[in-house]
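All remarks here apply to the structure that follows.
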Amino acid sequence: MILRRFFHLTIVLVATVFSFQSCFEKEQNQQSDKTPELGKSSIREVIAAMKPEEKIGVIVGDGKFIIARANADKNKEVPIANRNSKPVIPRLGIKTTALTDGPSGINKPPAPEGAKDYTYTTAFPTPNCVAASWNLELAEEIGKAYGNELLEYDYDLALMPGMNLHRDPRCGRNFEYYSEDPLLTGKMAAAVVNGLQSYGVGATLKHFVANNQETNRRNYNAVISRRALREQYLRGFEIAVKESNPWAIMTSYNRMNGFYTAENPELMRELVRDEWNYTGLFMTDFDGYGDAVAKVRAGSNMLMGGNMQEFNELKEGLKNKTIDESMLDECLVYNLEMKLKSPGMKGYKPSFKPDLDAHAQLAREAAAEGMVLLKNEDNALPLKNEKKIALFGKIGYHLIPFGTGSGGVRSYYHRVSVNDGLNAAGFEVPEAMQQEYRDYIQKIIRENLVPPYFDNPKMRKDNGIKGNHAPPHFRNRLVAFSREKVMTRQAIKKYEAQTDVAVITLGRSAGENYENGYLPITERELDLVRNVSEIFHAAGKKVIVVLNVASVWGTVNWRDYADAILLAWLPGQEGGHAVADILKGAVNPSGKLPDSFPMRIEDVPSYKSFPGIPPENPYNSFYEDGIYVGYRYYNTFDVPTAYEFGYGLSYTTFEYADLKLSATKFTDKIEVTVTVKNTGNVAGKEVVQLYLAAPATNIHKPVHELKGFAKTKLLQPGESEQLAFEIDKHALASFWSGKSAWIADKGDYEVQIGASSKDIRLKAIFNLPEDIVVEKVNDILYPNFNLKELTGK
Ligand code: BGC
């Protein structure tokens, strides 16, 4: 087996190198005496004119070392994530690719102190909030806004979208990704990429693959079965690659089944290039571990952020023949092809004036459309005659618009807090209360104390914290991670007497490098919710909780205290307006959960195996939950959730009717239609989900899986819309590892049309008379350990 795999791999490598060399030689012979120039001469001619060190210089760090040297300042690295590409090899017309981070917005450097004409970017709601809209047109519009800002701010490539699966709610980067479901993830990412790239700039899918945790992120080895990989962790990337052809893919830091992903030729060459026909560029994640020679041999084309060690390793590799120069040339083809596509190369002159007003409006609409109404007892929302609001919780006055780390937006224009939003919408919050909270926030900022979450020896060491004060890079964390303000019962009573309703905001930020996605409610917060609830309810007034949280959160031990709960996520810069729009009823909530909300963190299928062994610094992370990620687990094993995947309330009601299948016997595909009618009193949109329950004749399967979704337009009361779905062969198939094939079992398939994964409204059956081998794939990506995974009920 190993020999066979080696043989196959060798053929792929030799074939690539051979075809590469022959056309390279041919073109070299045709070359003229003139110095070639990128954009005017062929890429081959340009590469032929490069010296080996120049080649390495472009591959490692996209030229920043060459620039640094040209600046005669060898020690100083030129930051790569800045705007404007820079000439790397002027005589050949090669410039750097101007990159910037995402995915909540164009994350360019913040305004320098005192800058007058600084240009801002828009902070959109985070990807999981966008996914909760289940609205692909909206995702594409956001992609277009990114494209417009990139283009007009002189960037070529965005390091987004992030699209790792939400395997475990504790992962601090979940807000940067979409969902626990690969279909929703892949479709959302493809929509964003298509929108973004329609502006002639590029997107980067990241982090490929299995970067589902942050603990020991540069080194852990994710051990995943071939089936779980194909069906879950790779599937979203596969959809996005095939449906949007991103300019770049960023490999992850971690290892997967024994290899660093950036050093795995099976992953890049055999899977993505050979099976998925990908023609873009592979870049590594920034400053990861591993070996530069192995990376280039495996198919990584750009080693980012790049360092001198990698530069020297490649130089050494050429000398001792562990790498052939033709492999550098291969990298450069992808690299220069990307540069050729860049707007600068095409002579575009950026205006530095993207349509920020339109983007702010879009950010507001997107935030409102992604918010999920979790609870609404006795129609507490929308607010009716309640005009005076007692707004509790520091985060109500200091919105958390996005998470921390590279997925934040340092260049955002403003953040509209819930308080700002309520005021702008005509509500009144007692002035004394606003002042009390503003003072509290100012105190937090002034004192600048290390927030409790970071105040332990490990965090202190990791963040270089000495003494009691937080370092400057904690600017965006300080208020979010500091303690909640204590509100005495007396103070609560005082504000109750002046108002009609209580709104409590609870906030959680999260971010890169940390497993802080699911930090439980604190005693102070719980006290606040409990006391506000008792006092307001005793006065016959309602209590609304607004969750400004990064991702899935614990709700069970406090939710009974609230009449209504609005999950606002990290909603971007306009978040406060969007919350007010929903509380007021100007927008009818239509978001539904892209993730299951567990009853307890202990119920999560990866609870025991996350983040690996040993837990404080895991070397191996065994994905024992197999294909049973999220609702695939809860619904198959009858584990109750607080709120299930696909759940979300509306101010109106919808009736589902007329489920029709184009056939009851499957041949090639089946068309499904269903009619949705707004049966309530206000206009609203409805997300409709199509699940398929497949016969588990030969291998175990989840009770059902999402195979399609659609959202209605804004339906007026009484109005109907017919939605259409298509079920193709792939939707029927499961991955049989033993046969390296996607196979659909013969038997009866149940189509389930649901308002959520548990609220199935209509069902119909079709039959597949014979097994179908839908796709035979390469025999690759074996786990390097024997894995005991969950295999069905
Ligand atoms: C992150 C990437 C990011 C890169 C550049 C890395 O630490 O994992 O998502 O694009 O830094 O900022």
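The values are calculated or read from the model by the stated rules, or taken from the named source; none is laboratory data. The structure presented is a predicted model; accordingly, all values stated were derived computationally and were not measured. A quick note on method: Cβ atoms are made from the backbone with ideal geometry, for glycine too, and the neighbour counts reach across all protein chains shown. Calculation scope for accessible area: heavy atoms of the full protein, side chains included, ligands and nucleic acids excluded. Shrake-Rupley method; radii C 1.70, N 1.55, O 1.52, S 1.80 Å.
Average projection, convex hull of the Cα set of the range 474-519: 4.5 square nanometres. The string of couplings for the range 188-193 from the Karplus curve (6.51, -1.76, 1.60, θ = phi - 60°) is 4, 4, 4, 5, 5, 5 Hz, one whole number per residue in order, with x for Gly and Pro. With all protein chains kept in place, the per residue accessible area of the range 474-514 amounts to 38 square angstrom at a probe of 1.4 angstrom. Ranked by the mean number of other Cβ atoms within 10 Å of their residues, highest first, the peptides 183-194, 431-442, 226-237 fall in the order 183-194, 226-237, 431-442. The alpha-carbon positions of the chain define a convex hull whose volume is 164 Å³ per residue. Solvent-accessible surface of the range 190-237, taken per residue with a 1.4 Å probe and all protein chains present: 14 Å². Ordering 267, 294, 257 by Cα displacement along the dipole of the range 198-300 toward the positive end leaves 257 in first place; charges were set at the Cβ atoms of Lys, Arg (+1) and Asp, Glu (-1).
For the listed peptides 540-548, 771-779, a ranking on the average number of other beta carbons within 10 Å per residue, highest first, reads 540-548, 771-779.
Grab the other residues whose beta carbon is less than 10 angstrom from that of residue 247, score K and R as +1, D and E as -1, and report the net.
Working: positive: 341; negative: 156, 337.
Spelling it out: positives minus negatives among the neighbours equals -1.
Summing Lys, Arg as +1 and Asp, Glu as -1, what charge do residues with Cβ under 12 Å from the Cβ of residue 703 carry, residue 703 excluded?
+1
Its alpha carbons give the range 376-424 an Rg and a Dmax of 14.5, 43 Å. Entry note, the chain: the mean residue ellipticity at 222 nm calculated from DSSP H runs of n ≥ 4, each adding -39500 (n - 2.57), is -9000 deg cm²/dmol after division by the residues and rounding to the nearest 500. Diffusion coefficient of the range 485-608 by Stokes-Einstein, Kirkwood radius over Cα pairs, 37 °C, 0.692 mPa s: 207 µm²/s. Computed over protein heavy atoms with a 1.4 Å probe, the carbon and sulfur contribution to the accessible area of the chain reaches 50%. Close amide H pairs (under 5 Å, H built 1.01 Å from N) link residue 203 with 158, 247, 248, residues at least 5 positions away or on another chain. Counting only Cα atoms, the size of the range 553-701 along its three principal axes is 54, 49, 30 Å, in decreasing order.
Mind grabbing the base-10 log of I(q)/I(0) for the range 719-793 at q = 0.19, 0.26, 0.27 Å⁻¹? Debye formula, identical points on the C-alpha positions, no solvent, two decimal places. Log10 I(q)/I(0), no solvent term: -1.00, -1.24, -1.27. The alpha-carbon atoms of the range 645-693 define a convex hull whose volume equals 91 cubic angstrom per residue. The order of the peptides 629-642, 124-137 by mean Cβ neighbours within 10 Å, most packed first, is 124-137, 629-642. Using the Stokes-Einstein relation with a Kirkwood hydrodynamic radius computed over Cα pairs, the translational diffusion coefficient of the range 367-511 at 25 °C and a viscosity of 0.890 mPa s comes to 144 µm²/s. Note: relative contact order over the chain, using C-alpha pairs below 8 Å and six or more positions apart, is 14 percent. Charged neighbours of residue 579, selected by a Cβ distance under 11 Å, balance to -1 (K, R count +1; D, E count -1).
The 3J(HN,Hα) values that the Karplus relation (6.51, -1.76, 1.60; θ = phi - 60°) gives for the range 307-318 are, in residue order, 8, 5, 5, 5, 4, 5, 4, 6, 4, 4, x, 5 Hz. Gly and Pro appear as x.
Pairs from the list 116/711; 341/669; 55/242; 341/713; 677/729; 394/711 with a Cα-Cα gap above 32 Å: 116/711; 341/669; 341/713; 394/711.
Couplings for the range 101-117, taken from phi via the Karplus curve 6.51 cos²θ - 1.76 cosθ + 1.60 with θ = phi - 60°, read 7, x, x, 8, x, 6, 9, 8, x, x, 4, x, 3, x, 5, 9, 9 Hz in order; Gly and Pro are left as x. What would the Debye formula give as log10 I(q)/I(0) at q = 0.15, 0.19, 0.23, 0.29 Å⁻¹ for the alpha-carbon point model of the range 101-156, no solvent? For the range 101-156 at q = 0.15, 0.19, 0.23, 0.29 Å⁻¹, log10 I(q)/I(0) is -0.48, -0.71, -0.92, -1.21.
From the alpha carbon centroid of the range 441-514 to that of the range 90-143 is 27 Å. Treating the range 628-754 as a set of equal point scatterers at the Cα positions, no solvent, please give the Debye-formula log₁₀ I(q)/I(0) at q = 0.13, 0.16, 0.18 Å⁻¹. Log10 of I(q)/I(0), two decimals: -0.63, -0.88, -1.04.
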